[in-house]
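So the structure is just underneath, and the comments pick up after that.
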Amino acid sequence: MTKHTKAYISLVFICLVWGTTYMAIRVGVRSYPAFLFAGVRQLIAGIILMAGALAVNRKRDFTTSNILRQMLIGFLMLSIGNGGVTWGEKYIPSGVAALICSLMPMFAVMLNLAFSRKSHFNLTIGAGMLLGICGVTLIFRHNLAEVTKPAYLGGIFATIIATIAWALGSIINKKDTAPLNAFLNSGMQLFFGGLFMLIASPALENYNGLELWNTSGLLALIYLIVFGSALAYAAYMYALSALPVGVATLYAYVNPLIAIVAGFFILGEQLNKYTAMAFITIVISVYLVNKGYRKQAKLLLNTNQSKIALAFPESVPAES
């Protein structure tokens, strides 16, 4: 099995697991403060992943520069990214949060276009992004009346900021093309991201009436630690190392559909006729963005080969 095949399998796993984590987060924040809940989740998951990474691969990079780098990525992706979504779900349905997060691949593309000379916009990517927005709008359409409520609007704003932070963290993480121990780095990101949230929680949240032993909340926490963080985050980092950012982040288009269906059957959240229309639109958008990135990569490869041929004509084999 090739590395790319494993990466795509990891991507499917991420779609399924992270699609259901929105529902689990919604259950958790009904019982616990958001940053406390998310911080405990990521801190424990980080310890588990670091221990597993060191058991499998003894290589480690505990240099100051690498630790600071993982702290930055953990802060962006986990403290702001996951923490913002978790806090937002106190006020908005899990399906709506997933819909906003589905904009993440587009934020990643826009950030790449702004900061990377190698990334170039093309019409195929643009069409895919446009269709993705249309798909999200179709599902989101039924919730527009709620936007007038301050708490609901705050939840949406927090989730948008979280989505941008996750996209930026993904891009920064992608720049490390040869990590000494990628899974150890992922564990460090989870650990530091959770630690920052736990430090901030007492200042940002109210613990009055907190009931530590809550069956549904604890079950949601366990599921999120094992599947949503330790396993899925490791799978995401693996996919990110083997696939372009725009492809590795396409899971965000599929997650809303899974989140909405899970929310409907388990939490009683609304499911309407626009879901089927949005599904078709989003599937097409995923295909177009993927195709656009493949076209871009092929064009870049051909350009580099042409430059080599011009600089070293004797290295190009003669036509037969």
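What are the residues in segment 163-185 that are within 13 Å of the chain's Cα centre (by Cα) and either hydroxyl-bearing (Ser, Thr, Tyr) or more than 19 Å from Ala114 (Cα to Cα) (or both), if any?
Hits for segment 163-185 are Thr163, Ser170.
Out of Asn206, Asn272, report the one residue that is more than 17 Å from the chain's Cα centre (by Cα), outside any helix (DSSP H, G or I) and under 22 Å from Phe35 (Cα atoms). Reasoning before the result, please.
On the way: Asn272 fails: under 22 Å from Phe35 (Cα atoms).
Asn206 is the lone residue from the list that is more than 17 Å from the chain's Cα centre (by Cα), outside any helix (DSSP H, G or I) and under 22 Å from Phe35 (Cα atoms).
If the requirement is being buried (at least 22 other Cβ atoms within 10 Å of the Cβ), aromatic (Phe, Trp, Tyr) and touching a residue at least 60 places away in the same chain (Cβ under 8 Å), which of these qualifies: Tyr223, Tyr253, Tyr274? It would help to see each step written out before you state the result.
Values: Tyr223 fails: buried (at least 22 other Cβ atoms within 10 Å of the Cβ); Tyr274 fails: buried (at least 22 other Cβ atoms within 10 Å of the Cβ).
On inspection, the qualifying residue turns out to be Tyr253.
Hey, can you tell me all the residues within segment 197-213 that are exposed (fewer than 10 other Cβ atoms within 10 Å of the Cβ), in contact (Cβ under 8 Å) with a residue 24 or more places away in the chain and aromatic (Phe, Trp, Tyr)? Walk me through how you get there before you give the answer.
Quick first cut of segment 197-213, residues exposed (fewer than 10 other Cβ atoms within 10 Å of the Cβ) only: 203, 206, 208-209, 211-213.
Subset that is in contact (Cβ under 8 Å) with a residue 24 or more places away in the chain: 206, 211.
Within segment 197-213, none qualify.
Do we have Ala242 as under 20 Å from the mean Cα position of the chain (by Cα) and either under 18 Å from Cys101 (Cα atoms) or buried (at least 22 other Cβ atoms within 10 Å of the Cβ) (or both) here? Give the steps one after another, and end with the answer.
Details: under 20 Å from the mean Cα position of the chain (by Cα): yes; either under 18 Å from Cys101 (Cα atoms) or buried (at least 22 other Cβ atoms within 10 Å of the Cβ) (or both): no.
Spelling it out, it is not the case that Ala242 is under 20 Å from the mean Cα position of the chain (by Cα) and either under 18 Å from Cys101 (Cα atoms) or buried (at least 22 other Cβ atoms within 10 Å of the Cβ) (or both).
Would you be able to say whether some residue in segment 228-237 is more than 22 Å from the chain's Cα centre (by Cα), modelled with pLDDT under 85, in a helix (DSSP H, G or I) and surrounded by 15 or more Cβ atoms within 10 Å (Cβ to Cβ)?
Within segment 228-237, the subset more than 22 Å from the chain's Cα centre (by Cα) is none.
Looking through segment 228-237, none of the residues is more than 22 Å from the chain's Cα centre (by Cα), modelled with pLDDT under 85, in a helix (DSSP H, G or I) and surrounded by 15 or more Cβ atoms within 10 Å (Cβ to Cβ).
Test of understanding: among Ile9, Ile44, which residue is of a type in the set (A, V, I, L, M), surrounded by fewer than 24 Cβ atoms within 10 Å (Cβ to Cβ) and in contact with a helix residue (DSSP H, G or I) (Cβ under 8 Å, 6 or more places away or on another chain)? Lay out the reasoning, then the answer.
Values: Ile9 fails: in contact with a helix residue (DSSP H, G or I) (Cβ under 8 Å, 6 or more places away or on another chain).
Within the list Ile9, Ile44, the selection yields Ile44.
Of all residues in segment 75-92 being among the small types (Gly, Ala, Ser) and over 12 Å from the mean Cα position of the chain (by Cα), which is surrounded by the fewest Cβ atoms within 10 Å (Cβ to Cβ)? Spell out how you get there, then give the answer.
Filtering segment 75-92 for residues among the small types (Gly, Ala, Ser) gives 79, 81, 83-84, 88.
Retained after the next criterion (residues that are over 12 Å from the mean Cα position of the chain (by Cα)): 79, 83-84, 88.
Numbers: Ser79: 28, Gly83: 28, Gly84: 25, Gly88: 27.
Step by step, filter segment 75-92, then rank; the result is Gly84.
Given segment 35-137, what helices (runs of 4 or more DSSP H) lie entirely inside it while holding 2 or more residues that are in contact (Cβ under 8 Å) with a residue 60 or more places away in the chain and of a type in the set (A, V, I, L, M)?
Working: elements: 64-74, 83-88, 94-101, 104-115.
Those helices (runs of 4 or more DSSP H) span 64-74, 94-101, 104-115.
The values are calculated or read from the model by the stated rules, or taken from the named source; none is laboratory data. Treat the numbers as computed from the prediction; the structure is a model and nothing was measured. Because the Cβ atoms are built from the backbone with ideal geometry, glycine has one as well, and the counts that use them run over all protein chains shown.
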